[in-house]
1. How tilted is helix 166-180 with respect to the longest principal axis of the chain? Cα atoms for both, answer in degrees (0 to 90, nearest 10).
2. For the stretch 66-214, build the charge dipole from Cβ charges (+1 Lys, Arg; -1 Asp, Glu) around the Cα centre, then report which of ILE204, ASN131, PRO183 sits farthest towards its positive end.
3. Please give the calculated 222 nm ellipticity per residue for the chain, where each DSSP H segment of at least 4 residues contributes -39500 (n - 2.57) and the sum is spread over every residue; nearest 500 deg cm²/dmol?
4. Within a Cβ distance under 12 Å of VAL307, other residues only, what is the Lys/Arg minus Asp/Glu net charge?
5. Treating the angle as unsigned and between 0 and 90°, give the value, to the nearest 10°, between the Cα long axis of helix 489-504 and the longest Cα principal axis of the chain.
6. Out of the total accessible area of the chain (probe 1.4 Å, heavy atoms of protein only), what percent is carbon and sulfur?
7. If contacts are Cα pairs under 8 angstrom and at least 6 residues apart, what is the relative contact order of the stretch 324-440 in percent?
8. Calculate the FRET efficiency for LYS319 and GLU55 from the Cβ-Cβ distance with a Förster distance of 25 Å, rounded to the nearest 0.05.
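The values are calculated or read from the model by the stated rules, or taken from the named source; none is laboratory data. Here the structure is a predicted model, which means the values were calculated and not measured. Here the Cβ is made from the backbone with ideal geometry for all residues, glycine too, and neighbour counts use every protein chain on show. The protein model used for the area step is the full one, side chains on, heavy atoms only, and it has no ligands, DNA or RNA in it. Shrake-Rupley method; radii C 1.70, N 1.55, O 1.52, S 1.80 Å.
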Amino acid sequence: MQDFSFSYRWELQSSRSAEELWPLVADTQRLFKELGHHQARPANVSHTLPAGYRELTSEQLHRPEIWLEEPCRWHAPHHFIVKRVYNSGPLRELTCFAQLSKGKKGTLVTLNWSGKSRTLTGRITASWLFNKRAKRRIKRLIQSYDQSLEDKTAPQRSKSYSLLRTHNWQALETDLIERSSQPILARRLISMIRNGDEMNLREIEPRRLAELWNTNTSDILHLLFHASGLKILNFNWKIFCDECNRAVLKRQKLTEITEPLFCSDCKKEVLLDFHHNIRLTFQPHPMVRKISDHIYTGESPSERPEVLFHHLLSPSQLKMIDAELKTGHYRIQGDKTSTSYHLIVSEDAPRHVVLSFSEGSHQRKTIEVAPSAVIRLQNQTQNRLHVECTDLEWDRYHVTASEITSRSEFRNLFPGELIREKQKIATRDLTVLFTDLFNSSEIYNNDGEDSAVGLVISHFDILQEVITEERGAIVKTIGDAVMAVFPKPAAALRAFKRARHIFGNENSKNRSIRLKGGIHRGDAIAVTLNNRIDYFGNTVNIAARLVDFANSDEVVLSAEAYKCPEVKKLLRSNRRQMRTESFTASLKGFDDRTFEARRITFQKSPLRLVI
């Protein structure tokens with residue numbers, strides 16, 4: 001039987017840049033919903049599907065349609081492709097190719113809809129799906145994205161129905177302002193929950209919200225915690241697969257998370273990692289606003305912001321890609337090969353790299369590359385290969401259990417959010433900072449015990465502030481010492497630098513404080529101890545021992561912490577104020593090992609020397 005082909009091309013203008021527009025346009029769930037497609041659900045027809053493929057079904061005009069949807073392909077912030085192959089219904093194939101390119105006054109959004117239908121009826125169905133009214137709806141959608149970016153709000157919904165009356169919303173706003181002491185952010189949050197489109201409220205990501213509102217993550221978390229305490233929001237813990245970075249489980253409480261877990265896409269066991277794959281998201285409380293869980297397509301690029309690109313390579317194909325990478329670490333891997341690449345992005349690295357994927361033994365290769373990279377992907381297998389590039393600096397996109405559970409305000413509001421008793425959860429690549437007072441005895445002798453205790457408590461408050469602002473959290477205090485955890489070493493170094501600057505200010509009442517510290521990065525174990533989350537292991541012990549090698553206004557970094565590209569960048573940009581000295585050390589309890597370390601000495605500014 002003859003197939004009937006169809007093709008439609010829409011060009012829509014946006015006033016915003018492609019980078020700003022991408023997280024919104026790449027929400028294919030919202031795109032297909034606004035286009036007028038019916039709600040979909042898993043079909044559960046086939047017992048086995050290739051990794052990333054989704055089998056979905058929906059009913060249109062009381063006739064079921066079943067289709068296989070390939071993994072969405074994209075290259076942020078330039079284009080994405082959604083392809084469906086229908087097992088039943090009037091259509092045989094449907095492909096959406098969306099491209100964001102530079103326009104006259106912003107970005108030109110081009111949508112190409114193409115496919116095949118089984119019958120003439122299917123051809124008529126396609127003309128109805130992609131008629132002028134559908135184009136106008138998508139045009140209004142792009143305009144709403146422009147407006148939301150201009151107003152720094154989430155895209156608005158078309159209907160204003162809600163469970164609460166106006167005075168109830170005003171009461172919630174008043175309560176949230178009183179609790180959080182953040183009137184501007186509180187009003188924005190209430191307005192977003194009340195008027196935002198539900199597709200953007202299913203998962204409120206703190207990092208995305210901080211970026212949208214141009215504020216720091218710490219303030220956003222403070223707001224969302226108090227909104228959850230007032231039952232304006234709920235929060236959930238989501239567990240992600242380390243290999244494909246897709247969600248495998250969602251729970252309301254940490255105590256409900258147990259192993260073993262399994263990823264249906266990778267067909268592998270998922271190991272819990274308190275620092276990486278247990279992440280926190282928020283959603284409106286159902287008594288405030290009900291949010292449906294309807295889906296309209298399979299995978300959406302906006303749901304995986306850490307994935308820079310997902311390309312499909314034919315057998316033996318060579319594909320060249322221009323990639324703009326941020327300083328840090330990336331992973332590039334294929335779905336049917338055991339070869340993967342760990343990319344370290346730094347300014348002085350080569351710009352051109354060739355990455356070959358072949359069948360055979362498991363290989364992990366480390367390659368350095370420049371931020372403006374030209375990457376050649378070569379498929380040396382006889383299979384079609386899906387290749388993904390994932391940003392491993394996950395803290396740019398998400399907040400995780402290690403960051404959240406050690407924050408004092410979270411512990412106070414939700415004291416029951418703990419790891420199950422006797423459960424141990426691995427924590428990879430945790431950065432640990434220990435600080436101590438260099439001149440503790442001098443302070444107590446000179447100022448007297450009462451005054452000295454007040455000074456030490458004040459120093460704890462300052463450390464709490466600077467550590468929190470760098471997305472760190474104080475785990476515990478031990479005498480005059482502080483143990484804190486961070487997403488990465490550069491954040492710990494910045495926090496120490498800020499604290500030292502405050503204590504070194506001549507006008508500060510804490511100017512007699514002389515701080516020293518140690519920073520190490522590695523694996524640890526998270527447990528519940530004394531009704532709070534604590535960490536144990538060699539990483540913690542090494543960080544504590546490094547403090548002994550620091551003098552006044554010095555912090556010692558282990559080799560593992562120092563090799564972080566962001567640390568080196570920070571030291572280069574502050575080389576006049578931060579002098580670096582390398583040395584080797586033998587640490588107590590590690591008699592059979594010698595550690596390479598860097599001692600960072602903070603220099604007094606020339607202005608202070610003149611004074």
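1. Once rounded, the angle reads 30 degrees.
2. So the residue furthest toward the plus end is ASN131.
3. -8500 deg cm²/dmol
4. Neighbour charge sum, excluding VAL307 itself: -1.
5. 40
6. For the chain, the apolar C and S fraction of the accessible surface comes to 48 percent.
7. Across the stretch 324-440, relative contact order equals 24 percent.
8. Rounded to the nearest 0.05, the efficiency is 0.35.
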